[in-house]
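The values are calculated or read from the model by the stated rules, or taken from the named source; none is laboratory data. Please read all numbers here as calculations on a predicted model, not as lab measurements. Reconstructed Cβ throughout: ideal geometry from the backbone, glycine too, with neighbour counts over all protein chains shown. Heads up: the accessible areas ignore ligands, DNA and RNA and are worked out on the full protein's heavy atoms, side chains in. Shrake-Rupley method; radii C 1.70, N 1.55, O 1.52, S 1.80 Å.
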Amino acid sequence: MSVKSFGLTLWLCVAASPAAQGPSLVVLNFQHQNTPTQQKYLIETMGGGVAVLDYNNDGLLDIFLVNSGRIAEGSKTFARNQPAYWNRLYRQGPAGTFTDVTAAAKLDRMPLDAYGMGVATADIDSDGWLDLYLTSYGPNVLYRNKRDGTFEDVTTPVTKASGWSASAGFFDYDNDGDQDLFVTRYLDWDMSRNILCGTPFHAYCRPDKFGPMSNLLLQNDGKGNFKDQSEATGIAAIKGKALGAAFRDYDEDGFTDIFVANDGMEQYLFRNQQGTTFQEVALEAGVAFGDDGKPFAGMGVAFDDYDNDGKPDLAVTVLALEKYPLFRNNGDGTFGYASGSTGLAALTAPSSGWGVQFADFDNDGRKDLFVAQSHVLDNVERIHSGLRYLEPMALYRQTTAGKFERNDIGTPAAYRGATFGDLNNDGAMDAVVQVLGGKPVIVYGKPQNRWLLIKAPAGTAVQAGNVHGYATTSGSYQSASDIRIHLGLGTREKVDLDVRFPNGKRKALTGVATNQIIEVTPP
């Protein structure tokens with residue numbers, strides 16, 4: 001069954017993309033396993049990352065889904081060797097069908113003590129093939145793509161990390177041409193120190209019951225080997241309760257910066273100091289708190305230019321009653337709170353959000369905001385009668401006046417991680433969304449208006465008139481998106497492109513026909 005709303009088609013479970021002759025539905029055999037218990041272990045409600053990536057370089061996006069695990073009283077392991085608790089890789093075929101290739105790709109095992117959370121993707125060794133990094137409560141895992149349809153576990157003590165990792169993402173912080181790794185760590189928590197919160201009935205505890213953790217910054221040597229530079233760069237000195245992270249050069253000094261979404265405390269903006277150290281400047285930049293000066297429950301992050309002025313803005317997903325903060329880049333190193341003036345505050349007040357992205361879903365040249373929604377508490381209705389645990393996804397469409405309009409998508413569920421890309425190469429942006437303890441969904445965008453899909457190295461920025469795009473897989477919540485740059489271009493049949501590569505070199509392309517997929521390489 002599909003649900004059509006505002007140019008989007010939702011396929012329940014996971015489905016093949018609509019064929020030219022009509023839609024077809026192929027259900028994938030995946031069920032996210034989080035094993036909720038009466039003990040209300042906090043990890044139970046936080047997982048569910050997802051990635052889209054072309055792992056076999058056939059031009060079609062494939063889907064990787066993170067599973068969590070089985071929780072059993074008295075056990076410190078999570079049955080990750082049993083098929084029901086595997087992560088899953090689905091290869092897309094030419095007809096838009098998806099085939100489970102998890103075992104064939106040698107991704108059918110995880111450490112038994114790894115309760116799965118998220119996924120990040122990048123070409124860590126510059127061989128032209130995307131690799132995988134998986135986060136967990138417990139050990140993380142790094143998989144190198146062997147270029148033959150399989151992956152090998154190349155985890156080291158550095159990439160294994162420890163504690164509770166949430167989101168991760170790759171970016172080049174030192175401008176040496178390879179992809180470094182940033183890992184958020186959430187709370188100083190473990191199952192042996194779990195506490196029960198709430199009376200007269202129990203609920204998942206607030207993060208203020210537990211201590212903060214330091215995040216990790218791992219430097220790539222260009223061959224896919226990583227060195228922990230968390231202390232040397234100053235990242236480790238600033239502890240938080242981090243869930244989401246995204247990367248952009250917000251101050252246009254040529255070095256990529258880091259925004260970290262913290263839960264229940266101030267947010268962090270790490271300003272890159274010429275590729276050597278980082279300075280935390282969220283308060284000075286105006287993104288540490290909401291418009292009321294209070295902290296909020298930061299979860300997912302979108303870091304992109306929503307208003308077509310060429311400067312990356314920030315959107316953060318939070319809990320109901322907090323309103324999704326939207327911070328507009330002022331161009332002088334500071335941001336202004338724009339949730340009220342754009343209408344986003346009123347639209348989002350009753351909702352809780354997780355995975356998030358700025359993307360142009362109707363190709364009109366204005367980026368919209370897609371959010372995977374659900375409260376964190378599975379019994380929130382008993383605590384606050386006006387709130388709901390299960391919510392629909394939402395597309396906040398941007399109007400010509402720069403306001404947002406809310407369009408709910410799909411049936412209410414516990415949506416968590418969300419990833420974005422053009423799955424069927426038809427020019428319309430699509431999304432894959434994980435459901436906590438349920439089956440994932442694909443939201444297919446409806447082809448309309450003109451567009452370009454651009455394959456370029458990570459960190460490449462592209463401008464077509466007033467429309468800007470950036471090549472990254474990072475952002476959202478515990479998820480990784482398509483590296484290709486998607487531009488919605490309205491009615492324009494040809495455009496001139498200004499391409500700025502991460503090495504600082506530029507390329508101008510004139511009279512580029514729209515409605516096609518192109519590749520750009522550095523001069």
Protection proxy ranking, peptides 302-308, 178-184, average beta carbon neighbours within 10 Å, highest first: 178-184, 302-308
Tell me, in nm to one decimal, what length is gained between Gln273 and Thr400 on full extension, where the rule is 0.36 nm per residue of separation less the Cα-Cα distance? 42.0 nm
Could you point to the residue in Ala471, Ile63, Met191 farthest towards the positive end of the chain's charge dipole, with +1 and -1 charges on the Cβ of Lys/Arg and Asp/Glu respectively? Met191
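Eigenvalues of the Cα gyration tensor times 5, then square-rooted: what semi-axes does that give for the chain, in whole angstrom, largest first?
On the way: eigenvalues 182, 132, 126 Å².
For the chain, the ellipsoid semi-axes come out as 30, 26, 25 Å.
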At R0 = 60 Å, how high is the FRET efficiency between Ser341 and Arg109 if r is their beta carbon distance? Nearest 0.05 is fine. 0.75
Placing +1 at every Lys and Arg Cβ and -1 at every Asp and Glu Cβ, with all other atoms neutral, what dipole size does the chain have around its Cα centre, in debye to the nearest 20? 1200
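State the three equivalent ellipsoid semi-axes of the stretch 345-443, derived from the C-alpha gyration tensor as the square roots of 5 times its eigenvalues, in descending order and whole Å.
Working: eigenvalues 123, 61, 13 Å².
In descending order the semi-axes read 25, 17, 8 Å.
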Considering only protein heavy atoms, with the full assembly of protein chains and a 1.4 angstrom probe, order Lys323, Lys403, Lys294 by accessible area, largest first. Lys294, Lys403, Lys323
Alpha-carbon centroids, the stretch 243-290 and the stretch 312-334: separation in whole Å: 12
Excluding same-chain residues fewer than 8 positions from Lys455, which lysines have a Cα within less than 16 Å of its Cα? Lys507
Taking just the C-alpha trace of the stretch 451-494, give me its Rg and Dmax in Å. 11.4, 36
Which links in Lys40/Lys311; Lys239/Lys323; Lys367/Lys439 stretch past 30 Å when you go from one Cα to the other? Lys40/Lys311
Taking only the alpha carbons of the stretch 279-331, what extent do you get along each of the three principal axes, in Å, biggest first? 30, 23, 18
Compare the Cα positions of Asn449, Gln434, Phe30 along the charge dipole of the chain (+1 at Cβ of Lys, Arg; -1 at Cβ of Asp, Glu; about the Cα centre) and return the one farthest towards the positive end. Phe30
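How large a share of the accessible area of the chain, in percent, is made up of carbon and sulfur atoms when the probe is 1.4 Å and the other protein chains stay in place?
Working: 9190 of 18610 Å².
Solvent-exposed carbon and sulfur of the chain make up 49 percent of the total.
Relative contact order for the chain: what is it in percent, counting Cα pairs under 8 Å that are at least 6 residues apart?
For the chain, the relative contact order is 14 percent.
In Å, what Kirkwood hydrodynamic radius results for the stretch 227-369 from the alpha-carbon pair distances? Provide the component values of the computation, followed by the final result.
Numbers: mean 1/r = 0.0653 Å⁻¹.
Mean inverse Cα-Cα distance, inverted, gives 15.3 Å.
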Starting from the 7 Å offset along Cα-to-Cβ, what nm value, one decimal, do you get for the label separation of Lys494 and Asn330? 4.2
At 0.36 nm per residue, minus the direct Cα-Cα distance, what do Asp176 and Thr77 gain on full extension? Give it in nm, one decimal, please. 31.7 nm
Using a 1.4 angstrom probe and counting only protein chains, how large is the accessible area of Cys205 in Å², to 10? 10
Rounded to whole Å, give me the distance from the Cα center of the stretch 54-78 to that of the stretch 88-109. 12
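Sort Tyr337, Tyr324, Tyr389 by accessible area with a 1.4 Å probe, largest first. It would help to have the intermediate numbers written out before the result.
On the way: Tyr337 65, Tyr324 5, Tyr389 35 Å².
Output order, biggest surface exposure first: Tyr337, Tyr389, Tyr324.
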For the stretch 350-397, what value does the Rg/Rh ratio take when both radii are computed over Cα atoms and Rh is the Kirkwood radius, given to two decimals? 1.13
Setting aside same-chain residues fewer than 8 positions from Lys223, which lysines have a Cα under 16 Å from its Cα? Lys146
State, to one decimal in nm, how far the label point of Lys446 lies from the label point of Asn425, with both points 7 Å from Cα in the Cβ direction. 2.5
Proximal charge balance of Gln434 [Cβ under 12 Å; K/R count +1, D/E count -1]: +3
With the label point 7 Å along the Cα-to-beta-carbon line of Asp188 and a cut-off under 11 Å to each amide N, the hits in the stretch 219-247 are 239-240
Only sites in a loop by DSSP and with at most 13 other Cβ atoms within 10 Å count here; which trypsin sites (Lys or Arg not before Pro) in the stretch 427-506 make the cut? Lys505
May I ask for log10 I(q)/I(0) of the stretch 114-154 at q = 0.15 Å⁻¹, from a Debye sum over the Cα atoms as equal point scatterers with solvent left out? -0.35
Largest first and to the nearest Å, give the Cα extent of the stretch 187-287 along each principal axis. 54, 34, 18
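Do you know the relative contact order of the stretch 369-523, to the nearest whole percent, from alpha carbon pairs under 8 angstrom that are 6+ apart?
On the way: 356 pairs, mean separation 26.9, N = 155.
That works out to 17 percent.
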